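Below: the structure, in structure tokens.
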Amino acid sequence: MKLPLKLFTLAVVVFTSFGMAQNPLINFPAISPDDTTIAFNYQGDIWTANINGENPKRLTVHEAYDTKPVWSADGTSIAFISERFGNNDVYVMPATGGAPKRITYHSTSDIVTDYTPEGNILFSTRRNFVQVEREYETHIVNEDGGTPRRFLDATGFDAALSPNGKFVVFVRGSCRLEREAYRGPANRDVWLYNIKKDSYTKLTDYDGNDFYPQWGDNNTIYFQSSRTGKYNVHKLTINDAGDKQGTISQITNFTDIGIFSFQVSKNGKDIVLTKGNMVYVVNANTKAQNPIRITIAADYRFDPVVHKTYSSDVDEIAISPNGDYAAINIRGEIFIRETSKDKKRTVNVTKSSFRDTDATWLNDSTLLFISDRDGQKDVYLVTSDNEEESDLFKTLKHKIERVTKTAEDESNLVLSPNGNAIAYNLGRGQLVVANIDSKGKLSNKKTLLDGWATASGVSWSPDSKWLAYSLSDLDFNSEIYIHKADNSKTPVNISMHPKQDRGPVWSPDGKKLMFSSNRNNSDYDVWFTWLTKADWEKTTEDWEEAADEDENGNDKKSDKKDNTPKVKDVVIDYEDIHERQVQVTSFVGGEFGQLFSKDSKTIYYTTGNGSRGDADVESDLFKIQWDGKDKKQ
């Protein structure tokens, strides 16, 4: 059983390691004009090394993050950006090391893009002419300092001046670079500005991202593009008038992982780039690739091991079936602790540098979870590796086994109440249900959904025969659906409202389906749907009479036996089900239903999110009767 975080407190210790990688993660390498030295970013500092990777030297040691080095035309200075005063500013320092000089002082961030032969620095920023689209502008400042001025009248960024000073190449578009597979109108394109003619020309029209253009010579422009599926270096040429000539050619051909960044030498002969944790020098003419190994024998920039104790910031909590233990997920690790408030000890059952999430108890001695430890997100289980002690909390040895091995990511595990089936998302739009035995073996897999939208908030009915979930339509409106777990019936939209409906939760008696909706003034409130017409038509007096009788119609006052009722089949009347909705809360600020009490009469909900405007409502946990009465904190 997974619970809202408000219901639980804990303290865990996490060990965070910052080990020196054998292949250090080098970013933004740049070749010196004489092709002998590489400047790069590592551990938040600016470094240099020989072109063959030897003799690495740290140039900056400030605690702020220093990055994106750019060489001056004569190779004596390096410009870079640093957040030493709260946001990125441009700095210049000697290429051999020394005290950096701050060049820009504006409260917005500046990103250096070029260092001209005249000693001027081009940088992208957002200052005086911020447009509705909030695009960057290109400014220029001298390496000795002074007042920056706007260099181009058009918005854009990644600007670089041609060696002959006639053209400026730059980028327009707003798509995030992380979206390598993006194709659409927000894509980035390369543009050219003719300084003499004061004219602009679009050089690329690919519907994906083309960005970070650099000059090889007066007629050759290199840029980064996803047009071949992964980010690679491409080349285009222009004539002396600035007109595009011929076709775009591909310089690198990486198909597994795209490049992160690249830089062209001032003479246009070589290209240095990073891909994953590797650095390559590529000959611009022959396209020959030479991997460079930079071995950094230096002290740790930060403490290699950090000990942290957490008493909050938990992502997920799952209670074991017997109620004795809680599995808690924090910072990609899964811990187990006893549910007693007096017990403080926690046990880390995953212990890896990978991200482990979605802890779900299969039974009292087996815990399912999602992990990317084999390169993608799959289902795993952890059990005791001690035949004499099956208790996950008490055992000193744990065994982790892989349950699924598919080409797509699994996520959002939800176990059925009877423990015999499990639902999960596969890839981006599939909802899968499978039988699961006590050993974690899956069988009889069924794909209930396979579309563009991902089902969220998946919830099992108490009889383990139905699923409820929220799903977005083509207008990005989230609706609540009920779906037969064996896929024998078409899913039914039971909310039918143009506002957002999320987080379905079944009542234990199978009569109500709770959800949260922002249909009233854009505030999220707690609602539920009566699943049968008979319950919907009952009056207040009917429910008061029913409160005095057990499910067999016997007077509780004359029969005090505590007989545990068997789980009954959930009955659903689909006709006009969207009209049987009841609003439970209507307070200032957002309310989100979390769970029902065992007798299905009390609803627990959280506050402090999902409110409209600037409503100041603290995050807290409340309970209220299903009829909206007797609210308590």
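The values are calculated or read from the model by the stated rules, or taken from the named source; none is laboratory data. Here the structure is a predicted model, which means the values were calculated and not measured. All Cβ positions, glycine included, derive from the backbone under ideal geometry; neighbour counts span all protein chains shown.
Here's the yes/no breakdown for (1) without any contact (Cβ under 8 Å) to a residue 60 or more places away in the chain; (2) surrounded by 17 or more Cβ atoms within 10 Å (Cβ to Cβ); (3) closer than 25 Å to ILE271 by Cβ; (4) of a type in the set (Gly, Ala, Ser):
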{"residue": "THR36", "(1), (2), (3), (4)": "yes, no, yes, no"}
{"residue": "THR48", "(1), (2), (3), (4)": "yes, yes, yes, no"}
{"residue": "HIS62", "(1), (2), (3), (4)": "yes, no, no, no"}
{"residue": "PHE80", "(1), (2), (3), (4)": "yes, yes, yes, no"}
{"residue": "PHE85", "(1), (2), (3), (4)": "yes, no, no, no"}
{"residue": "ASP114", "(1), (2), (3), (4)": "yes, yes, yes, no"}
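With respect to being of a type in the set (A, V, I, L, M, F, W, C), touching a residue at least 24 places away in the same chain (Cβ under 8 Å) and more than 29 Å from VAL588 (Cβ to Cβ), LEU467 fits the description.
Looking at LYS484, is it in the same structural domain as GLY590 (by TED's automatic domain parsing), touching a helix residue (DSSP H, G or I) at 6+ places or on another chain (Cβ under 8 Å) and closer than 30 Å to ASN363 by Cα? Considered against the rule, which asks whether it is in the same structural domain as GLY590 (by TED's automatic domain parsing), touching a helix residue (DSSP H, G or I) at 6+ places or on another chain (Cβ under 8 Å) and closer than 30 Å to ASN363 by Cα, LYS484 comes out as no.
Mind telling me which of the residues SER470, SER464, SER443, SER456 ends up being buried (at least 19 other Cβ atoms within 10 Å of the Cβ) and polar (S, T, N, Q)?
On the way: SER464 fails: buried (at least 19 other Cβ atoms within 10 Å of the Cβ); SER443 fails: buried (at least 19 other Cβ atoms within 10 Å of the Cβ); SER456 fails: buried (at least 19 other Cβ atoms within 10 Å of the Cβ).
One residue alone meets the criteria, SER470.
Look through ARG337, ARG373, ARG355 and report the one residue that is basic (Lys, Arg) and touching a Leu at 6+ places or on another chain (Cβ under 8 Å). Walk me through it before giving the result.
Numbers: ARG373 fails: touching a Leu at 6+ places or on another chain (Cβ under 8 Å); ARG355 fails: touching a Leu at 6+ places or on another chain (Cβ under 8 Å).
Exactly one of ARG337, ARG373, ARG355 is basic (Lys, Arg) and touching a Leu at 6+ places or on another chain (Cβ under 8 Å), namely ARG337.
Within the stretch 348-356, is even one residue of a type in the set (D, E, K, R), in a strand (DSSP E or B) and under 23 Å from LEU448 (Cβ atoms)? Looking through the stretch 348-356, none of the residues is of a type in the set (D, E, K, R), in a strand (DSSP E or B) and under 23 Å from LEU448 (Cβ atoms). Of the listed requirements (1) over 30 Å from ALA407 (Cβ atoms); (2) surrounded by fewer than 18 Cβ atoms within 10 Å (Cβ to Cβ), GLY332 misses just one: (1).
If you take the residues of the stretch 492-507 that are out of contact with any Asp or Glu (no Cβ under 6 Å at 6 or more places or on another chain) and in a loop (DSSP other than H, G, I, E, B), which of them is surrounded by the fewest Cβ atoms within 10 Å (Cβ to Cβ)? Looking at residues that are out of contact with any Asp or Glu (no Cβ under 6 Å at 6 or more places or on another chain) and in a loop (DSSP other than H, G, I, E, B), I get PRO498.
Yes/no matrix, rows are residues, columns are (1) out of contact with any strand residue (DSSP E or B) (no Cβ under 9 Å at 6 or more places or on another chain); (2) modelled with pLDDT under 95:
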residue: GLU133; (1), (2): yes, yes
residue: THR155; (1), (2): no, yes
residue: ASP158; (1), (2): no, no
residue: LEU236; (1), (2): no, no
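Across the stretch 261-277, a minimum of one residue is classified as surrounded by 14 or more Cβ atoms within 10 Å (Cβ to Cβ), free of Cβ contacts under 8 Å to residues at least 24 places away in the same chain and either closer than 27 Å to ASP114 by Cβ or out of contact with any Phe, Trp or Tyr (no Cβ under 9 Å at 6 or more places or on another chain) (or both).
Among all residues of the stretch 469-491, there is none that is within 29 Å of the chain's Cα centre (by Cα), part of a loop (DSSP other than H, G, I, E, B) and within 24 Å of GLN625 (Cα to Cα).
In the stretch 555-566, is there at least one residue being part of a strand (DSSP E or B) and either within 18 Å of GLY510 (Cα to Cα) or at pLDDT 85 or above (or both)? No, there is no match, as no residue in the stretch 555-566 is part of a strand (DSSP E or B) and either within 18 Å of GLY510 (Cα to Cα) or at pLDDT 85 or above (or both).
Within the stretch 143-162, restricting attention to residues that are assigned to a loop (DSSP other than H, G, I, E, B) and without any contact (Cβ under 8 Å) to a residue 60 or more places away in the chain, which residue is nearest to TRP191 (Cα to Cα)?
Pass one, the stretch 143-162, residues assigned to a loop (DSSP other than H, G, I, E, B): 143-144, 151-156, 162.
Now narrow it down to the ones that are without any contact (Cβ under 8 Å) to a residue 60 or more places away in the chain: 144, 151-156, 162.
Numbers: ASP144: 29, PHE151: 15, LEU152: 12, ASP153: 13, ALA154: 10, THR155: 11, GLY156: 9, SER162: 13 Å.
The qualifying residue nearest to TRP191 (Cα to Cα) is GLY156.
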